[in-house]
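Here's the structure, in structure tokens; my notes come after.
The values are calculated or read from the model by the stated rules, or taken from the named source; none is laboratory data. Keep in mind that this is a model prediction, so the values were computed, not measured. We place every Cβ from the backbone using ideal geometry, glycine too, and count neighbours over all the protein chains shown.
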Amino acid sequence: MIAFKYTKTDGAEYLSHLDLLRHIDRTLKRAGIRVNVSEGFHPHPKIFMNSPLGLGVKSLAEYCTADCVCEGDFKELFNACSPAGVKCLAYKTTDFNPNYANTIESCTYSAEGIKPFDTREFLARANITVTDKRGRTVDIRPRIYALEQAEGRLTFTLGCGQNNLRPDLFTEILESEFKGKTYGLIKTHSHGKYTF
């Protein structure tokens, strides 16, 4: 198996999770990297991605595992066959599936456009309650791990997986309280047991 870290930029941020999976499968085929398939009546390529990212959010830290063997430099072969936006940054061979959808626990993002505010006061709040799209009241404070603002850029780390908080929804909450309009939202790091 090969685990690899890749980008989702230059227009690729508007690909849905399923379309991105298809894109990666086709890229591997074009590169001549044969991916093993599942058994059964409808076999699927054994490609395992991290949790979906919100549509329109760029990333420099997406992770994927492909059940394959690669003769040669995986990064070079992948990037030669993949169009702009989805590029392999690093890879490693592994004996097992790191299951990035479950093992990535938090992600760090960066954005601009939110008016300056006291991030320490915000993080000192015992709870931050919002109403989700289903009308439920949710305390998002346990899902916010870090928050800093310097030179107009906001950097924040949010929970993933079971403790997920979407970065675009988080910036909407900040916009409604502190004003401004978010732009340049990008995931810079994924944190988990098997990330690199």
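Right, residue 13: in a helix (DSSP H, G or I), out of contact with any helix residue (DSSP H, G or I) (no Cβ under 7 Å at 6 or more places or on another chain), within 24 Å of residue 188 (Cα to Cα) and touching a residue at least 24 places away in the same chain (Cβ under 8 Å) or not? Against the criterion (in a helix (DSSP H, G or I), out of contact with any helix residue (DSSP H, G or I) (no Cβ under 7 Å at 6 or more places or on another chain), within 24 Å of residue 188 (Cα to Cα) and touching a residue at least 24 places away in the same chain (Cβ under 8 Å)), residue 13 qualifies.
Quick grid of which residues meet (1) hydrophobic (A, V, I, L, M, F, W, C); (2) under 21 Å from the mean Cα position of the chain (by Cα); (3) within 30 Å of residue 165 (Cβ to Cβ):
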{"position": "12", "(1), (2), (3)": "yes, yes, yes"}
{"position": "16", "(1), (2), (3)": "no, yes, yes"}
{"position": "25", "(1), (2), (3)": "no, yes, yes"}
{"position": "32", "(1), (2), (3)": "no, no, no"}
{"position": "39", "(1), (2), (3)": "no, no, no"}
{"position": "46", "(1), (2), (3)": "no, yes, yes"}
{"position": "63", "(1), (2), (3)": "no, yes, yes"}
{"position": "69", "(1), (2), (3)": "yes, no, no"}
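Quick check on my filter: what residues within the range 43-67 are at pLDDT 95 or above and out of contact with any helix residue (DSSP H, G or I) (no Cβ under 9 Å at 6 or more places or on another chain)? 46, 60, 61, 67, listed by residue number. Of the residues contained in the range 96-119, one or more are found to be part of a loop (DSSP other than H, G, I, E, B), crowded, with 18+ Cβ neighbours inside 10 Å and of a type outside the set (Val, Ile, Thr). Assigned to a loop (DSSP other than H, G, I, E, B), of a type outside the set (S, T, N, Q) and within 25 Å of residue 181 (Cβ to Cβ): is that true of residue 56 in this structure? Spelling it out, residue 56 is indeed assigned to a loop (DSSP other than H, G, I, E, B), of a type outside the set (S, T, N, Q) and within 25 Å of residue 181 (Cβ to Cβ). Residue 138 meets each of the listed conditions (1) in contact (Cβ under 8 Å) with a residue 12 or more places away in the chain; (2) surrounded by fewer than 16 Cβ atoms within 10 Å (Cβ to Cβ); (3) assigned to a strand (DSSP E or B) apart from (1).
Confirm whether residue 105 is within 21 Å of residue 48 (Cα to Cα), of a type in the set (Asp, Glu), modelled with pLDDT of 95 or more and touching a Gly at 6+ places or on another chain (Cβ under 7 Å). Spelling it out, residue 105 is indeed within 21 Å of residue 48 (Cα to Cα), of a type in the set (Asp, Glu), modelled with pLDDT of 95 or more and touching a Gly at 6+ places or on another chain (Cβ under 7 Å).
Which ones in the range 16-30 are buried (at least 20 other Cβ atoms within 10 Å of the Cβ) and either more than 26 Å from residue 184 (Cβ to Cβ) or free of Cβ contacts under 8 Å to residues at least 24 places away in the same chain (or both)? Can you show your working first?
Of the range 16-30, the ones buried (at least 20 other Cβ atoms within 10 Å of the Cβ) are 20, 24, 27-28.
Selection gives 27, 28.
Close Cβ contacts (under 6 Å, 6 or more residues apart or on different chains) running from residues in the range 34-45 that are surrounded by 13 or more Cβ atoms within 10 Å (Cβ to Cβ) to residues that are modelled with pLDDT of 90 or more and charged (D, E, K, R) comprise 36/46; 36/67; 45/25.
Somewhere in the range 151-162, is a residue under 19 Å from the mean Cα position of the chain (by Cα), outside the structural domain of residue 24 (by TED's automatic domain parsing), at positive phi and surrounded by 15 or more Cβ atoms within 10 Å (Cβ to Cβ)? Working first, answer last.
At the first step, the residues of the range 151-162 found to be under 19 Å from the mean Cα position of the chain (by Cα) are 154-162.
From what is left, the residues that are outside the structural domain of residue 24 (by TED's automatic domain parsing) are 154-162.
Now drop any that are not at positive phi, which leaves 161.
From the residues that got through so far, the ones that are surrounded by 15 or more Cβ atoms within 10 Å (Cβ to Cβ) too are 161.
Checked against the condition, which is being under 19 Å from the mean Cα position of the chain (by Cα), outside the structural domain of residue 24 (by TED's automatic domain parsing), at positive phi and surrounded by 15 or more Cβ atoms within 10 Å (Cβ to Cβ), the range 151-162 yields at least one hit.
The set of residues in the range 174-196 being β-branched (Val, Ile, Thr) and either without any contact (Cβ under 8 Å) to a residue 24 or more places away in the chain or surrounded by 15 or more Cβ atoms within 10 Å (Cβ to Cβ) (or both) consists of 182, 186, 195.
So if I check each of 72, 54, which one is surrounded by fewer than 11 Cβ atoms within 10 Å (Cβ to Cβ) and either out of contact with any strand residue (DSSP E or B) (no Cβ under 9 Å at 6 or more places or on another chain) or over 17 Å from residue 33 (Cα atoms) (or both)?
Working: 54 fails: surrounded by fewer than 11 Cβ atoms within 10 Å (Cβ to Cβ).
Within the list 72, 54, the selection yields 72.
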